[in-house]
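Everything below concerns the one structure shown next.
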Amino acid sequence: MSDWNAKVIDEFRANEGRVGGPFTGAPMVLVHHRGRKSGRELVNPMMYLPHENDDDVIYVFASKAGAPQHPDWYYNLTSGGHAAVERGAETYPVSVRELTGDERDRRYDEQARRYPGFAEYAEKTKGIRTIPVLELTRIASA
């Protein structure tokens with residue numbers, strides 16, 4: 001894990017899910033997933049878009065700040081189909097579903113409207129890749 005991610009994770013945990021710097025005021029989660037090759041548990045901080053009326057659903061964006069390739073965590077989440085989300089002071093399991101078509105576009109456009117950096121990421125990747133949007137849905141405890 002990079003030092004930058006480690007600092008964000010530490011700040012997130014020390015402040016019940018709130019972080020400063022470029023993420024001041026932005027909704028953040030820590031996504032726990034397994035490396036598809038290493039099998040190690042990994043944690044990545046991510047901005048998310050809440051579902052408009054279902055608190056058990058959030059959306060994350062595999063933008064990688066507009067890099068030409070998807071982030072590794074995207075492949076881990078899509079191949080695993082499940083993960084865990086640390087949101088505020090709570091951690092819970094989630095299922096993972098990749099959005100496509102109009103559904104993907106609506107969610108991404110809303111995130112870009114709220115946080116213009118995402119519009120910049122889309123512009124950087126135009127003609128190279130479409131930034132994936134993943135729906136993370138809480139799995140009810142048995």
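Just need a number here: residues in the range 33-79 that are within 18 Å of A140 (Cα to Cα) and not in a strand (DSSP E or B).
Number of matching residues: 5.
Looking at the range 26-78, which of its residues are surrounded by fewer than 16 Cβ atoms within 10 Å (Cβ to Cβ), of a type in the set (G, A, S) and modelled with pLDDT of 95 or more?
A67
So, in the range 115-142, of the ones that are part of a loop (DSSP other than H, G, I, E, B) and closer than 29 Å to T91 by Cα, which residue ends up farthest from the chain's Cα centre (by Cα)? Can you show your working first?
Narrowing the range 115-142 to residues part of a loop (DSSP other than H, G, I, E, B): 115-116, 126-132, 139-142.
This time we only want the ones that are closer than 29 Å to T91 by Cα, so: 115-116, 131-132, 139-142.
Working: Y115: 14, P116: 16, I131: 12, P132: 10, I139: 17, A140: 20, S141: 22, A142: 25 Å.
Ranking the candidates gives A142 first.
With respect to A83, is the statement that it is closer than 21 Å to I128 by Cα, at pLDDT 95 or above, of a type in the set (A, V, I, L, M) and in contact with a helix residue (DSSP H, G or I) (Cβ under 9 Å, 6 or more places away or on another chain) true?
Numbers: closer than 21 Å to I128 by Cα: no; at pLDDT 95 or above: yes; of a type in the set (A, V, I, L, M): yes; in contact with a helix residue (DSSP H, G or I) (Cβ under 9 Å, 6 or more places away or on another chain): yes.
Here the answer is no, as A83 does not meet what is asked.
Which one of the conditions (1) closer than 20 Å to H33 by Cβ; (2) modelled with pLDDT of 95 or more does D102 fail to meet, given that it meets all the rest?
(1)
Suppose we filter A112, A83 for residues that are crowded, with 17+ Cβ neighbours inside 10 Å, in contact (Cβ under 8 Å) with a residue 24 or more places away in the chain and either in a loop (DSSP other than H, G, I, E, B) or among the small types (G, A, S) (or both); which single one remains? If you could, list the steps in order and put the result at the bottom.
Working: A112 fails: in contact (Cβ under 8 Å) with a residue 24 or more places away in the chain.
Residue meeting the stated conditions: A83.
Quick check, is R97 free of Cβ contacts under 8 Å to residues at least 60 places away in the same chain, under 14 Å from the mean Cα position of the chain (by Cα) and in a strand (DSSP E or B)?
Values: free of Cβ contacts under 8 Å to residues at least 60 places away in the same chain: yes; under 14 Å from the mean Cα position of the chain (by Cα): yes; in a strand (DSSP E or B): yes.
The answer is yes for R97.
Quick one: would you say R97 is touching a Ser or Thr at 6+ places or on another chain (Cβ under 9 Å) and modelled with pLDDT under 95? Explain how you work it out, then say what you get.
Working: touching a Ser or Thr at 6+ places or on another chain (Cβ under 9 Å): yes; modelled with pLDDT under 95: no.
No.
The values are calculated or read from the model by the stated rules, or taken from the named source; none is laboratory data. The structure displayed is predicted, hence computed values, not measured ones. Using ideal geometry, Cβ is built from the backbone for each residue, glycine included, and neighbour counts are taken over all protein chains shown.
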